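Where a number appears in this text, it was derived from the coordinates with a stated rule and is not lab data. This one's a predicted model, so the numbers in the text were calculated from it and none came from an experiment. Please note: Cβ atoms are built from the backbone with ideal geometry, for glycine as well, and neighbour counts cover all protein chains shown.
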Amino acid sequence: MGKLVTLAVVGIVAAFTVERLVTLWNRSYASREIDPLPLPNCQLIKGIESGSEDIDILPNGLAFISSGLKYPGLKKSFLPDKPGEIFLMDLNEDNPKAVELRFSRGFDVTSFNPHGISTYVDKDDTVYLFVVNHPHQQNTVELFKFVEDDRSLVHLKTVRHDLLTSANDVIAVGPDSFYVTNDHYFFDFIFMFLEMFLGLTWSNVVYYSPKEVKEVAAGFYSANGINISPDRKYIYIADVGDHNIHVMEKHANWSLTHVKTLQLDTLADNLSVDPSTGDVWAGCHPNGFKLFHYDLENPPGSEVLRIRNILSEEPEVTRIYADDGSVLQGSTVASIYKGKLLIGTVIHRALYCEL
């Protein structure tokens, strides 16, 4: 009798494990291959060799690019062993170049590990840059003031909080306040994998200000990119593991309520919003398995979607760019400015296109 019980338990565990692995395989679109959809006027950006995970463009055309992310589970053996960087590009120039920004004294550049970024322009035209940072495998949000005259970032503040469990992306809503996504409950890769394996929806969104810190949305499989509508009334959240974008209404007390969910057939990462049209641009992973099982002989591809009228009953989703990894590997973000498109990646290059 004891052997039968043991066999039954082993069988149940084995069946559960197989079902979970199959589900995870399907969630990651591991079998998906993508047909290239190139753009005619594109070039790789010189000087960016270690990723361009997030990009944010000011209304005046200055683009900030985070580079050098070292994220749990991602292959890093072929990346240079150096701290992360923030680059700046002036998209008003005929041939814009990426220039590395300097940091003010006192900021620990040696452990800088930048992830998502967001800018905020104050009433006096002061430009603030918010950066999700993972120094020493921790989770912080760094606040900088941008000094345009000498292309530098003055460090103002480091935000640490118990609710920042696995910070991914940030959207600034004030000179010292923001929403931030936690893509997992844990930051250790083994526990991250267990979350994904078990299908746990423990990912969330947190609001931070000096006066208040609180969870404002929860129940995501993997909340990733986050952005805000031009009228500042709605927050957009990409759930990369659940293949969708959530539209949330923002309230006066900074809480969020669900409005709608837009289902996609790809893994949307970071989101950008065109301030003139309200279009949402998404950098996507057509095959998530290839991203974490990074094989230079069979690299992860890239995909960019443009979503028009996201608040309507029938949003228009258009694939703007796709690549099988031969040009651009593991796209995370696509940001637009007056017909100029920047496409960033996790740990690869960055692409500049004129549409």
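Okay, helix-only estimate at 222 nm for the chain: each DSSP H run of n ≥ 4 adds -39500 (n - 2.57), divide by all residues, round to 500 deg cm²/dmol; what do you get?
Details: 3 runs with 41 residues, N = 355.
Estimated from H runs of four or more residues: -3500 deg cm²/dmol.
For K46, a cut-off of 27 angstrom between C-alpha atoms picks up these lysines, skipping any fewer than 8 places away in its own chain: K70, K75, K76, K82, K97, K145, K290, K338, K340. Only Cα pairs under 8 Å and 6+ residues apart enter the sum, and on that basis the relative contact order of the stretch 155-200 stands at 29 percent. Toward the positive end of the charge dipole of the chain, with +1 on the Cβ of Lys and Arg and -1 on the Cβ of Asp and Glu, the farthest Cα among V240, G61, S118 is that of V240.
Taking other Cβ within 10 Å of each residue's Cβ, how do M248, M192 sort, fewest first? Write out the running numbers ahead of the final one.
On the way: M248 22, M192 19.
Ranking M248, M192 by Cβ neighbours within 10 Å, fewest first, gives M192, M248.
Each of the peptides 315-324, 32-41 was scored by the mean count of other Cβ atoms within 10 Å over its residues; in descending order, highest first, they stand as 315-324, 32-41. Among S272, H293, I310, whose Cα lies farthest out toward the positive end of the dipole of the stretch 259-312, if unit charges sit on the beta carbon of Lys, Arg (+1) and Asp, Glu (-1)? Going by the charge dipole, the pick is I310. Placing +1 on each Lys and Arg Cβ and -1 on each Asp and Glu Cβ, with no other charges, gives the chain a dipole about its Cα centre of roughly 640 debye.
What relative contact order, as a whole-number percentage, does the stretch 32-354 give when Cα pairs under 8 Å and 6 or more residues apart are counted? Let's see the in-between values first.
On the way: 895 pairs, mean separation 55.1, N = 323.
That works out to 17 percent.
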